[in-house]
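See below for the structure under consideration.
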Amino acid sequence: MAPKYKLTYFPIAGLAEQIRFLFSYGGIEFEDHRIDPESWPTLKSTTPAGQLPTLEVDGKVLFQSIAIDRYLGHIVGLAGKTLLEDCEIDAVADTITDLRLGIRAWYQQEEGPKKEELKEKLLNEIFPFYFSKFEQWAVANGGYLALGRLTWVDIVAASLFEVFDNMAASKLQISSMLNGYPNLQKLQSTVFNIPSIKAWIEKRPADKPH
């Protein structure tokens with residue numbers, strides 16, 4: 001019998017969308033449980049690390065989005081074939097996390113001079129550094145970020161780039177963080193046009209502001 005999956009997150013794409021993409025890629029049914037943000041303060045203490053997303057697998061609760069991505073990457077056949085290959089994929093995933101944490105530091109900062117300082121650092125240092133690295137890796141790997149083939153980290157990257165872009169459009173007045181990085185644009189298009197992922201994108205619920 002196939003495992004029963006329940007993904008819990010807020011009613012937005014965020015850190016859960018890459019998980020939804022991976023389920024869609026693998027043609028795996030899952031419960032897409034989107035909680036009312038107002039209920040989060042009560043639910044927070046019931047989660048393993050006080051954060052979402054979580055993924056229940058036959059009742060066992062998994063947490064940390066990248067750990068869940070890695071798990072599903074193995075399930076759907078997009079992981080490495082050796083420990084060394086897995087390490088190469090993980091290194092890219094951890095670098096994406098480094099970028100995300102830099103963005104979060106700015107996003108969570110209260111309005112004021114410090115936030116403006118972090119914004120300038122994002123635009124002039126953090127974004128150029130990380131996106132140029134990802135672009136270099138895509139060139140070196142034939143359009144992918146590792147191993148010269150599609151892996152779970154490409155799906156994670158494509159999803160998070162969309163999340164970053166949506167945030168940038170509303171908060172930074174940037175049309176796309178991928179402007180000037182043609183291989184990353186192509187990678188995102190490749191992922192979004194995988195038939196099962198494309199079908200998910202066409203039917204997924206719209207984000208609800210919270």
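The values are calculated or read from the model by the stated rules, or taken from the named source; none is laboratory data. Note that the structure is predicted; figures quoted are calculated from it, not measured. Glycine gets a Cβ as well: all are built from the backbone with ideal geometry, and neighbour counts include every protein chain shown. Calculation scope for accessible area: heavy atoms of the full protein, side chains included, ligands and nucleic acids excluded. Shrake-Rupley method; radii C 1.70, N 1.55, O 1.52, S 1.80 Å.
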Listed by first then second residue, the pairs whose first member lies in region 152-172 and is farther than 23 Å from Leu72 by Cβ, whose partner is open to solvent by less than 10 Å² (accessible area, probe 1.4 Å) and in a helix (DSSP H, G or I), with beta carbons under 8 Å and at least 6 positions apart or on separate chains, are Met167/Ile103; Leu172/Leu122
Considering only region 1-87, give the strands (runs of 3 or more DSSP E) lying wholly within it that have at least 3 residues that are of a type in the set (Phe, Trp, Tyr) and either closer than 24 Å to Thr190 by Cβ or in contact (Cβ under 8 Å) with a residue 60 or more places away in the chain (or both).
none
So, first residue without any contact (Cβ under 8 Å) to a residue 60 or more places away in the chain in region 118-143, second residue open to solvent by 50 Å² or more (accessible area, probe 1.4 Å) and not in a helix (DSSP H, G or I), Cβ within less than 6 Å, six or more apart or across chains; the pairs are Leu118/Gln109
Kindly list, by first and then second residue, each pair from a residue in region 176-204 that is of a type in the set (S, T, N, Q) to a residue that is open to solvent by 30 Å² or more (accessible area, probe 1.4 Å) and not in a helix (DSSP H, G or I), limited to pairs with Cβ atoms under 9 Å and residues at least 6 apart or on different chains.
Gln185/Asn179; Thr190/Tyr144; Thr190/Leu150; Ser196/Gly27
Within region 96-104, is there a residue that is in contact with a helix residue (DSSP H, G or I) (Cβ under 7 Å, 6 or more places away or on another chain), of a type in the set (S, T, N, Q) and assigned to a helix (DSSP H, G or I)?
yes
Search region 105-148 for residues being touching a Leu at 6+ places or on another chain (Cβ under 9 Å), outside any helix (DSSP H, G or I) and not hydroxyl-bearing (Ser, Thr, Tyr), and hand back the single one that is least open to solvent (accessible area, probe 1.4 Å).
Leu145
Would you confirm whether or not region 89-102 contains a residue that is charged (D, E, K, R) and either within 17 Å of Tyr181 (Cα to Cα) or modelled with pLDDT under 90 (or both)?
no
Subset of region 186-210, residues open to solvent by less than 80 Å² (accessible area, probe 1.4 Å) and polar (S, T, N, Q), comes to Gln188, Ser189, Thr190, Ser196
Only one residue in Asn179, Asn183 is polar (S, T, N, Q), more than 14 Å from the chain's Cα centre (by Cα), open to solvent by 30 Å² or more (accessible area, probe 1.4 Å) and at pLDDT 95 or above. Which one?
Asn183
